[in-house]
Amino acid sequence: MTTQNEQPIAQEPAATLSALDTARYAVDAASDKKAQDIVLLDVKKISSLADYFVICSASVDRQIRAIAEGVEESLDAVNVPPYKREGNPVDGWVLLDYGDVIVHVMSTEQREFYRLEQLWEQAQIVVRVQ
């Protein structure tokens, strides 16, 4: 039953961002949260996992959490929620899976240990923010 003052709620259409735009939003959000050594890699020619990887570092687990939450909030604001979130800031690594874009927020120690940039060295660097 509808009263006289009720209006139907219009559903906003979901924003459609390209994978590159999604990755750039993630880079900007990570930068806003003071992530260190942000790298955006184009991996689409060498991987079926995703088109882009965003890799960044943080000094402490609280900053890892803040960066990951900042990326999620930024992309949620444009109707791009993550498919999956894995990892825990206290373990030094949070992965946000946006389908064509995977965001890695890592402690400096984890990043040095796993060396993802070397693992994906054939990828093209699109952006590097130091």
Original post:
Which strands (runs of 3 or more DSSP E) does segment 84-130 wholly contain that include 3 or more residues that are closer than 17 Å to SER74 by Cβ?
Top reply: 93-97, 101-107
Original post:
Residues in segment 88-98 that are touching a residue at least 12 places away in the same chain (Cβ under 8 Å), surrounded by 14 or more Cβ atoms within 10 Å (Cβ to Cβ) and either in contact with a His (Cβ under 6 Å, 6 or more places away or on another chain) or not charged (D, E, K, R) (or both): how many?
Top reply: 6
Subject >> Positions within segment 1-36 being out of contact with any helix residue (DSSP H, G or I) (no Cβ under 8 Å at 6 or more places or on another chain), at pLDDT 95 or above and more than 18 Å from GLY99 (Cα to Cα), in sequence order >> reply: SER31
Original post:
Of everything in segment 42-67 that's in a helix (DSSP H, G or I) and touching a helix residue (DSSP H, G or I) at 6+ places or on another chain (Cβ under 6 Å), which residue is surrounded by the most Cβ atoms within 10 Å (Cβ to Cβ)?
Top reply: ILE67
Original post:
Would segment 94-114 turn up any residue that is closer than 16 Å to GLN130 by Cα and out of contact with any strand residue (DSSP E or B) (no Cβ under 7 Å at 6 or more places or on another chain)?
Top reply: yes
Subject >> Only one of VAL103, VAL126 that is touching a residue at least 40 places away in the same chain (Cβ under 8 Å), surrounded by fewer than 20 Cβ atoms within 10 Å (Cβ to Cβ) and in contact with a Leu (Cβ under 6 Å, 6 or more places away or on another chain) >> reply: VAL126
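The values are calculated or read from the model by the stated rules, or taken from the named source; none is laboratory data. On a predicted model such as this, the values are computed, not experimentally measured, just so you know. Here Cβ is always computed from backbone atoms with ideal geometry, including for glycine, and neighbour counts include all displayed protein chains.
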